[in-house]
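Let me begin by presenting the structure, written as structure tokens, before commenting on it.
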Amino acid sequence: MIKTSTETLFDLNDLDAVSAGDTPFEIEYVRADGSGSGVFLLVLGGQSEKVQAEVNRLVNDRRKKQAVAAAMQGRANPDKADFTPIEDDIAFGHRLTAVRLVGWRGIKQEWSAENAYRLVSRNSEIAEQVTTASNNLGNFMPGKSAA
């Protein structure tokens, strides 16, 4: 049996990435030249309940549509085979990114889910920065260490 000092023990709450990810983290959109933009984005963590619930809903909706199409058309007839166009895949990725974006400042239009989708679908640089920040657990659990 290995003995551990209580000084090195973590509380489970300190390791709860789901709860930590529910608190938005603010990032500044950085232009390609490395300069700040004055646009600040509030991003949820990729493990947050809200993000995971929406990702699950989107994936389940997509799978259901594919299953219904397969059942209705049958896989034996290639002329009736269902396929997903690349444009649908791209839009799906944008939706997965937009759900992570929950607010902003420095943008004239007010934040809304529709405007978040518009922003990430019209600017791949912003979409990439939102996803990267969302997936970086350190943004949501900074300085978490043993108590």
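The values are calculated or read from the model by the stated rules, or taken from the named source; none is laboratory data. This one's a predicted model, so the numbers in the text were calculated from it and none came from an experiment. Every residue, glycine among them, receives a Cβ derived from its backbone with ideal geometry; neighbour counts consider all protein chains shown.
Hey, could you check segment 24-35 for residues that are surrounded by 13 or more Cβ atoms within 10 Å (Cβ to Cβ) and not charged (D, E, K, R) and say which is farthest from residue 134 (Cα to Cα)? Filtering first and then ranking leaves 30.
For segment 31-57, the candidate set comprises residues that are in contact (Cβ under 8 Å) with a residue 40 or more places away in the chain and aliphatic (A, V, I, L, M); within that set, the residue that is farthest from residue 98 (Cα to Cα) is 32.
Scan segment 87-145 for residues that are free of Cβ contacts under 8 Å to residues at least 24 places away in the same chain, under 17 Å from residue 54 (Cα atoms) and outside any helix (DSSP H, G or I) and the total you get is 1.
Restricting segment 116-139 to residues that are in contact with a Phe, Trp or Tyr (Cβ under 7 Å, 6 or more places away or on another chain) and within 23 Å of residue 18 (Cβ to Cβ), the residue that is surrounded by the most Cβ atoms within 10 Å (Cβ to Cβ) is 133. Out of all the residues in segment 90-139, which are under 24 Å from residue 34 (Cβ atoms) and among the acidic types (Asp, Glu)? Residues satisfying the conditions are 125, 128. When only residues in segment 72-85 that are loosely packed, with under 10 Cβ neighbours inside 10 Å and outside any loop (DSSP other than H, G, I, E, B) count, which is modelled with the highest pLDDT? Only one residue fits best here, namely 72.
Among residues of segment 15-30 that are in a helix (DSSP H, G or I), none has a Cβ under 7 angstrom from a residue that is surrounded by 15 or more Cβ atoms within 10 Å (Cβ to Cβ) and charged (D, E, K, R) at a sequence gap of 6+ or on a separate chain.
Any residue that is of a type in the set (A, V, I, L, M, F, W, C), at pLDDT below 95 and surrounded by fewer than 16 Cβ atoms within 10 Å (Cβ to Cβ) - is there at least one of those in segment 102-115? No, because not a single residue in segment 102-115 is of a type in the set (A, V, I, L, M, F, W, C), at pLDDT below 95 and surrounded by fewer than 16 Cβ atoms within 10 Å (Cβ to Cβ). Of the residues making up segment 44-67, just one is part of a helix (DSSP H, G or I), small (Gly, Ala, Ser) and closer than 19 Å to residue 140 by Cα, namely 53.
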